[in-house]
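The values are calculated or read from the model by the stated rules, or taken from the named source; none is laboratory data. Keep in mind that what you see is a predicted model, and the values were worked out from it rather than measured. Cβ placement follows ideal geometry from the backbone for every residue including glycine, while neighbour counts extend to all protein chains displayed. Note: accessible area is taken over every heavy atom of the protein model, side chains too, but ligands, DNA and RNA are not part of it. Shrake-Rupley method; radii C 1.70, N 1.55, O 1.52, S 1.80 Å.
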Amino acid sequence: MRRPPRRFEALLNHCLPADVRDDVTGDLDERYQREVMSRGIRAARWRYRRTALAFSARFVIERLRERTAGRINPGLSLFDLRLGVRMLVRYPVLTLIGTASLAVAIALGAAVFAFISLLLWPTLPLPQGDRVVSVRLMDVAANRYESRLTADFLAWRSAATSLTDFGAGRGFVHNLTRGDGSIEPVNVAEVTASMFTMARVTPIAGRALLDADAAPGAAPVMVIGERLWRSRFGGDPAILRQSVTLADTPTAVVGIMPEGFRFPSVYEVWVPLRLEATVAPRTGPSLSVWARMRRGVSLPQAAAEFEVFRAAAAAEWPATDAHLRAEIEPFAQSSSTLQPAKRMLIGSINVAVAVLVFLITGNVALLMFARAATRESEILVRTALGASRGRLIRQFFAEALVLSAPAAVAGLALARTGLEWGIQAYALSGDGRPLPFWYTPRLPPLSIAYGCGLALFAAVVTGVLPALKVTRGLASRLRETGAGGGGLRFGGVWTALIVAQIAVTVTFPVVMVYVKGDGLQKEATDIGVPRGRVLSAALARDVALPPARYAAAVRHVRDGLAALPGVEGAAIADRLPLMGHTHYLVGIDAGGAAPMEGEYDGYWISSAAVTRDFFATFDAAPLAGRLFTGADYGGTPRVAVVNQSFVSRVLGGRNPLGRHLQYHYDGGGGGQAPPMGTRAPWIEIVGVVRDLGMAYEPDPKVAGVYLPLDLPSIGSVYLAARISGDISASTQALRQIAARTDPLLHVASVQSLEAMTAAGSRVTDFWLHVLIAVSVSALVLALSGIYAVTSFAVSRRTREIGIRIALGSSRARVAGTILRGALIRMSIGIVLGWMLAILLGGNAPRPPIQIAALLGYLAVMFVVCLLACLVPARRAMTVDPIQALRAE
């Protein structure tokens, strides 16, 4: 007989009343024993825990109701809600500001929570997608995953009992030839036919792949996605009876999968995976393996079974398998490459957003408190007539709930749009590469619940907290007399909220200026030729295309394009101007150099590998020395051309010709890798050209180095052509030339450099829109809070103002006294916001014009905040001392 979980038994014994404790625990224990026999111990323990929590919560709530009966009734009546609606209608400006601000806060919180969930805890949008797992082998010695899994896959598929529907596959990019002869690259997955069974998704037309399709000698077939079918083939159902060219092979389309299905990641074409029936371990192609957990099986159980398989394989093949470890993980989560530190950093964004949401709701609570202060006489009268403090708090909560309910609806709608924009921006930040198909803009149920929880939290903060302060000390205030003689006072919490809101209002626009300023600098970077007249395209090598044939095809496309009328020149490079260049740490010979920046033993520079016609295409004549010649190409680079910024930033203006540099460290960015390390060859500088948009000031990597391009050694390059004629005609001609050259040459991202820059700016614009929305909300709340506090101060000090004016104080001096507190709060908030903005902006130097603009913005912010105090201050100066004293 197995005993239920002890902690949950103890919880039940503590929470249940004595008269029912034995009966309930006995019944639960009997059901637990039955489920252990029928469903297994894990399922039984899970059921017992859930039931124990439900019973305990129920009886705890009943006990609380008994203890609070007659004190504070937490229930809300329809009358409370109707009165709440009436009060909101009575104060339309406060209602509009509060609802809009809470909607922004809820939208921000729900959207960020949903996006972080997609990054950290992705789930497959498939039937029972949580049961789809990835099966991998970790090479413990090399600290990497072993991908040659053909032998393991065949063994697992026949022996595993915890998993079913095993599948395997690998991905490629292949050219798909359209009916008009044009060629475009598509993401293709070679998969076993069992993938479709495992996914539980059926084609909308035709059939899925079959095992027979992978048999030797079988005719080439493929299944395509619905989006591809509609965009490339016009949704023509006759495509199922036709053959199209995939790579250089005529292939029959046998099925169409529904929209949104791109398993295992981003694929829209599926072809059969052909595997050898007998293969030695650690041989064969790189594969991904996936499967479904059987019903009632957990991840630890599946992992335990595969650990047995691993141990047996290690004993049979110790040379190849002794250092391997089996891992079973949810499929979508296994695709994440985020390190633990980065996952923690991403998760902490929720904390920052929660703080912002609290600030917004706190400032709405400040407005509600200011409004409640104007109703002090009403509250005192209701108290004198017998209303309890709990009844008054419940009424304030009802008003806040009525305010937050429409804000929740609007906020969740905004969150759906914001999540869609965020996913688009995330894709653009990755050079436009498609995201896995589980990145969908639909708000998951947990995010909707999170947004509703934020709305309830906002109702508590904006309703209960002001009510607790307003209703505190009602008995003593009933004995007070005189208008403004005593009563409510703003405390330090409300003051801190106003200061924090002003700081946020200052910080976000300043950061926005930093972000947009960097983008504007990039857009203003001069590359010497109109960027709208430069046509660019990415040329990549198919996996089946040999390097030498690829290099010949790229040169043929460049030469064919350069020969067209209206094309003034064409060149090849691993990076083009205005693109993100690879950056390196380099060392300089002993001939003298500029002081090093930072703590690095070297100089950060940008680097690109180019063909000899690159500089002529961009009209960059040598400023000193020479450019590349045919003799410079082939083998390890021995010469380099540098830009003007390299001469000034690295060499300190010294003569660069004949000097030598050495590549030490790769800072990231891809492209052709130069020889690196302390034993790498020294490269001679033979020429200098003007800056061509490798980076922009004040980035130290504006210093740039160009090396000769070795085409066969790199799998992807960019083509650039300077066009004097019709750029759209040249675009079409480029595609046609590439289609005629080689069906295995991938051509993508055909656009002008201007369009490429605009695509990069869309990421910046997305964050600008987010910052603008938050900043406007924060600004409106800050100004409203300042106005409310100042108005409250005037209303509280009416008697004092009247006495001071009657005793001869000038009205201006009285107004200054009233404004002093507001001015102190504004000044502290602006200074804190400026300091926070400097911290977020980093240590990068800023152009003087940008610094001047930011200082001007701070002055404008101070004036705007001051204007929020004018109306209350003017009211203070118009107080009639006779009427003020008469009110006593």
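Accessible surface calculations at 1.4 Å, restricted to protein heavy atoms, place the range 341-412 at 39 Å² per residue. Residues of the range 234-263 with an amide N closer than 18 Å to a point placed 7 Å from the Cα of Ile204 along the Cα-to-Cβ direction: 234-241, 253-263. One Cα centroid belongs to the range 75-144, the other to the range 704-753; the line between them spans 44 Å.
Note on Arg638: accessible area is roughly 140 Å² with a 1.4 Å probe, heavy atoms of protein only. With a simple spin-label model that places each label point 7 Å from the Cα along the Cα-to-Cβ direction, the separation between Ile349 and Leu81 comes to 3.6 nm. For Trp46, the accessible area of its heavy atoms, probed at 1.4 Å with every protein chain present, is near 150 square angstrom.
Sorted on the mean count of surrounding Cβ atoms within 10 Å across their residues, most packed first, peptides 321-334, 291-304 read 321-334, 291-304.
Heavy-atom accessible surface of the range 570-692, averaged per residue, reaches 41 Å², computed with a 1.4 Å probe. A crude spin-label estimate for the pair Ala621 and Thr161, with each label 7 Å from Cα along the Cβ direction, gives 8.3 nm. Ranked by the mean number of other Cβ atoms within 10 Å per residue, highest first, peptides 308-319, 258-269, 394-405 order as 394-405, 258-269, 308-319.
For Tyr600 and Met138, a Förster radius of 41 Å and the Cβ-Cβ distance give a FRET efficiency of 0.75, rounded to the nearest 0.05. Once the chain from Ser298 to Thr283 is taken as fully extended at 0.36 nm per residue, the excess over their C-alpha distance is 2.3 nm. With Cα atoms defining each centre, the range 263-319 and the range 385-414 are spaced 56 Å apart in the structure. Extension gain, Ala219-Val20: 0.36 nm per intervening residue step, less the Cα-Cα distance, totals 64.5 nm. Distance between the pseudo-spin-label points of Tyr145 and Ala631 (7 Å out from Cα toward the beta carbon): 5.0 nm.
Compared with the direct C-alpha span, the chain from Ala54 to Gln242 gains 61.7 nm at full extension, assuming 0.36 nm per residue.
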